[in-house]
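*Asks:* Take this structure, written in structure tokens, and hold onto it; I'll ask about it next.
Values in this text are rule-based calculations from the coordinates and carry no lab data. Quick caveat: nothing in here was measured; it's all calculated off a predicted structure. All Cβ positions, glycine included, derive from the backbone under ideal geometry; neighbour counts span all protein chains shown.
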Amino acid sequence: MTDGQREAEGRAGTVRPRSPRRHRVMQQGRIVLGPDTLLPCVVRDLSPAGAKIVLSRPIPLPASFDLVIAAHDLRTVSVRLRWQRGEVAGVRFAPAGDPAP
């Protein structure tokens, strides 16, 4: 069984597939909080489904926002906040055309 196929046992004893494989990165990012408000961050882990981001200080994030990632190219993705602990947060990429909650 490969890493991407590993399964984790849930609380109720159910088996669920592991999230897509994450890649450690260190890319500059910007959280778009409004037309004139960009919050710098660093993208630390990246997978096809989402990312882990690190802020310079703990700032409460909204449930959904756009994230600009500077890698080989500059791309903007819509994300949903999954969790946040202080200055570290996990986000999930929203499917194209998915309306904000």
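*Asks:* Volume per residue, Å³, of the convex hull around the alpha-carbon atoms of the stretch 22-93?
*Replies:* Given the Cα convex hull of the stretch 22-93, per-residue volume reads 81 Å³.
*Asks:* Say each of S56 and E87 gets a label point 7 Å from the Cα, pointing the same way as Cα to Cβ; how far apart are those two points in nm?
*Replies:* 0.9
*Asks:* Let me ask another. What nm value, rounded to one decimal, do you get for the distance between V25 and D66 when each label is placed 7 Å out toward the C-beta?
*Replies:* 1.8
*Asks:* Could I ask something else about it? For the stretch 46-101, what does the relative contact order come out to in percent, with C-alpha contacts under 8 Å and a separation of six or more?
*Replies:* Averaging sequence separation for qualifying contacts and normalising by length gives 38 percent for the stretch 46-101.
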